[in-house]
Each structure stands twice: as structure tokens, then as C-alpha cells.
Amino acid sequence: MNTIKKLAGLLWIAIGLYAGYILIVTQAIPKFSSPKPEDLIPAIIYAFVLTPIIVGGLVTFGIYAWQNQYDTTE
């Protein structure tokens, strides 16, 4: 079971990095390059608020799982 948790840690890290890529590339950059001024606030929120929270949480969880912090044999 601990091997599955360790491999799932890699999956969580990959999901976190992919989510960050998707948020920046498909949400933030198009809104930053939009000529409409009302698109600037959502772009800032996507780039500087949501991306660090989502990526940081998923990657941190994955790192803990990869380092066996959730080991059940204590």
C-alpha cells in the first residue's frame, strides 16, 4: 500500500504542474493579452492567486506522499 501511495505522490505532482500550466496558458495569458480592461482583474487572480494555491497544494501533497510521510507502518 505504501508503494501505491508513493506512486500516487508522483501523480499528484504531475497533476499540480499540469493544472498550473493550464491555468497560465489557457486562462491568464489570453486575458492579459485581451484589449478589454475588464479582463485584467481575472487574469491577475488566475496568475497570482489561484495558480500558487492550486499548484502549491497539489505539489506539496505529492511531495509528502513521495517521501512516505503517510506511512502506515509506524
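Think of it as helices only: each DSSP H run of n ≥ 4 in the chain is worth -39500 (n - 2.57), and spread over all residues that comes to -19500 deg cm²/dmol at 222 nm. Against the main long axis of the alpha-carbon atoms of the chain, helix 2-22 sits at an angle near 10°. By how many degrees, 0 to 90 and rounded to 10, does the Cα axis of helix 51-66 deviate from the longest principal axis of the chain? With both axes taken from Cα atoms, the answer is about 10 degrees.
Along region 25-40 the Karplus relation, 6.51 cos²θ - 1.76 cosθ + 1.60 evaluated at θ = phi - 60°, assigns HN-Hα couplings of 6, 9, 10, 6, 4, x, 6, 5, 8, 6, x, 6, x, 6, 8, 5 Hz to successive residues, with x for each Gly and Pro.
Bear in mind these aren't lab numbers, they're just calculated from the coordinates by the rules spelled out. What you see is a predicted model, and the numbers here were worked out from it, not measured in a lab.
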